[in-house]
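Presented below is the structure to which this report refers.
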Amino acid sequence: MIDREDISNFYRARNILGEDYNPMDMVRFSEVPTFMRAPQVHNLDEVDIGIIGIPYDGGLTCRAGARHGPREVRNESTMMRAINVVTDVRPFERARVADIGDVHFSNMFSQEDVVADIEKYYDAIADAGVLPLGIGGDHSVTYPILRALARKHQQPLAVIHVDAHTDTWAEYQGSKFHHGSPFRLATEEGLVDPTKTVQIGIRGGQNVADGLNYSRDNGMRLITIEEFDDLGWKAVAEEARRVVGDQPVYLTFDIDGLDPVYAPGTGTPEAGGITMREAQRMLRDLAGLNYIGGDMVEVSPPLDPSGMTAMNGATIAFEILCLLALRFA
């Protein structure tokens, strides 16, 4: 049982005047913008859920800019509330949530080194017993995350994957490590159980048939946007729950799963996607699963000066945070 007073003390800090204050009680435009105004923490000993930035977009195949995603999502996330007014989940009262900074890259121009750096960071997070919520960055970053978490849990993971693309493509332009390949790589390495993987909102991509065939041939439950529209968000959530069961599950949300009207600032937008309201309601209906982490990726601030994509990305991240917080009493 988590000590509520312990959580309260965790969020309190001392300012230069020696007065106690909670950073979440400050006006939204003040202080350093952390993820959802949670305290920035470098020691994981007292953290239950850690939100981590992964500012890397070297795996993009087209429009660059997702490396700036974590910083702008931090900024827009100051608009998030402390309470989910629909589900009444209060993540900051259920768990000690902290911004644990960004992955540091030893050589961001080497894809192999990037994979190793992300994996090392997530090894440390998993070893500390912290549930990770990653903010990308392009979708290639999910592959080393899955490597670390599958090792920690010592079994292939179930995956709920919301996206416009399957991300199960083969080698592209001479590299197997790119944002269209993380779930192919994870399947080939036995990091995920493809029969416990559901892909939601699929509708486009380079060499579409290759990715679609790979996902289906390996037993993934692929829900195209047409099927999503025919079934409705609630039935899709029920199907996702059926597929993953009680297996340890990782939830990954590519912002391009949304229709571009809600998320124009992304590397590979695809018309005809999920609405923001459908996404929120579907995620809320995925409560109570055996979550071991999640991410929200592919926000590219330079492609959306309005900040709407980053705000919607922060909103999706908050919904995922609420799901993770339900793991705590």
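Could you check segment 275-294 and list, in sequence order, the residues that are farther than 15 Å from Leu258 by Cβ and surrounded by fewer than 24 Cβ atoms within 10 Å (Cβ to Cβ)?
Arg284, Asp285, Leu286, Ala287, Gly288, Leu289, Asn290, Tyr291, Ile292
Kindly indicate which of Glu93, Glu72 is under 23 Å from Ile255 (Cα atoms) and in a helix (DSSP H, G or I).
Among Glu93, Glu72, only Glu72 is under 23 Å from Ile255 (Cα atoms) and in a helix (DSSP H, G or I).
Pairs needed: first member in segment 18-45, basic (Lys, Arg); second member anywhere, surrounded by 13 or more Cβ atoms within 10 Å (Cβ to Cβ) and assigned to a helix (DSSP H, G or I); C-beta distance under 6 Å; at least 6 residues apart or different chains.
Pairs that qualify, where the first residue is basic (Lys, Arg) and the partner is surrounded by 13 or more Cβ atoms within 10 Å (Cβ to Cβ) and assigned to a helix (DSSP H, G or I), are Arg28/Thr78; Arg37/Pro23; Arg37/Met24; Arg37/Thr78.
What number of residues within segment 83-101 satisfy the criterion of being exposed (fewer than 15 other Cβ atoms within 10 Å of the Cβ) and of a type in the set (A, V, I, L, M)?
Counting residues in segment 83-101 that are exposed (fewer than 15 other Cβ atoms within 10 Å of the Cβ) and of a type in the set (A, V, I, L, M) gives 3.
Take segment 209-236 and flag every residue that is aliphatic (A, V, I, L, M) and either part of a loop (DSSP other than H, G, I, E, B) or touching a strand residue (DSSP E or B) at 6+ places or on another chain (Cβ under 9 Å) (or both).
Listed by number, the residues that qualify are Leu212, Met220, Leu222, Ile223, Ile225, Leu231, Val236.
Any chance segment 113-134 includes a residue that's β-branched (Val, Ile, Thr), touching a residue at least 40 places away in the same chain (Cβ under 8 Å) and not in a helix (DSSP H, G or I)?
Yes, because at least one residue in segment 113-134 is β-branched (Val, Ile, Thr), touching a residue at least 40 places away in the same chain (Cβ under 8 Å) and not in a helix (DSSP H, G or I).
For Thr61, all conditions in the list (1) at pLDDT 95 or above; (2) surrounded by fewer than 21 Cβ atoms within 10 Å (Cβ to Cβ); (3) β-branched (Val, Ile, Thr) hold save one; what is the number of the exception?
(1)
Restricted to segment 1-33, and to residues that are among the β-branched types (Val, Ile, Thr) and assigned to a loop (DSSP other than H, G, I, E, B), which residue is modelled with the highest pLDDT?
If we take residues in segment 1-33 being among the β-branched types (Val, Ile, Thr) and assigned to a loop (DSSP other than H, G, I, E, B), then Val32 is modelled with the highest pLDDT.
Go through His165, His139 for me and flag whichever is in contact with an Asp or Glu (Cβ under 6 Å, 6 or more places away or on another chain) and crowded, with 23+ Cβ neighbours inside 10 Å.
Just one listed residue meets the conditions, His139.
Is it the case that segment 146-159 has a residue that's in contact (Cβ under 8 Å) with a residue 40 or more places away in the chain, crowded, with 16+ Cβ neighbours inside 10 Å and under 30 Å from Pro305 (Cβ atoms)?
Taking every residue of segment 146-159 in turn, none turns out to be in contact (Cβ under 8 Å) with a residue 40 or more places away in the chain, crowded, with 16+ Cβ neighbours inside 10 Å and under 30 Å from Pro305 (Cβ atoms).
Being under 18 Å from the mean Cα position of the chain (by Cα), part of a helix (DSSP H, G or I) and in contact (Cβ under 8 Å) with a residue 40 or more places away in the chain is the requirement here; does Ala279 meet it?
So Ala279 passes the test.
Determine whether segment 34-48 contains at least one residue that is at pLDDT below 95, more than 19 Å from the chain's Cα centre (by Cα) and small (Gly, Ala, Ser).
no
Can you tell me which residues in segment 37-58 are part of a helix (DSSP H, G or I) and crowded, with 24+ Cβ neighbours inside 10 Å?
The answer is Arg37, and nothing else.
Please determine, by comparing only the residues of segment 155-176 that are among the small types (Gly, Ala, Ser) and part of a loop (DSSP other than H, G, I, E, B), which one is nearest to Glu239 (Cα to Cα).
Restricting to residues being among the small types (Gly, Ala, Ser) and part of a loop (DSSP other than H, G, I, E, B), the top hit is Ala164.
I'm trying to understand the selection: among the residues of segment 286-329, which are over 15 Å from the mean Cα position of the chain (by Cα) and either outside any helix (DSSP H, G or I) or modelled with pLDDT under 95 (or both)?
Ala287, Gly288, Leu289, Asn290, Asp304, Pro305, Ser306, Gly307, Leu326, Arg327, Phe328, Ala329, listed by residue number.
Look at segment 177-202 and say how many of its residues are assigned to a loop (DSSP other than H, G, I, E, B) and either at pLDDT 95 or above or hydrophobic (A, V, I, L, M, F, W, C) (or both).
Number of matching residues: 4.
The values are calculated or read from the model by the stated rules, or taken from the named source; none is laboratory data. Only a predicted model underlies this, so the values are computations on that prediction, with no experimental measurement involved. A quick note on method: Cβ atoms are made from the backbone with ideal geometry, for glycine too, and the neighbour counts reach across all protein chains shown.
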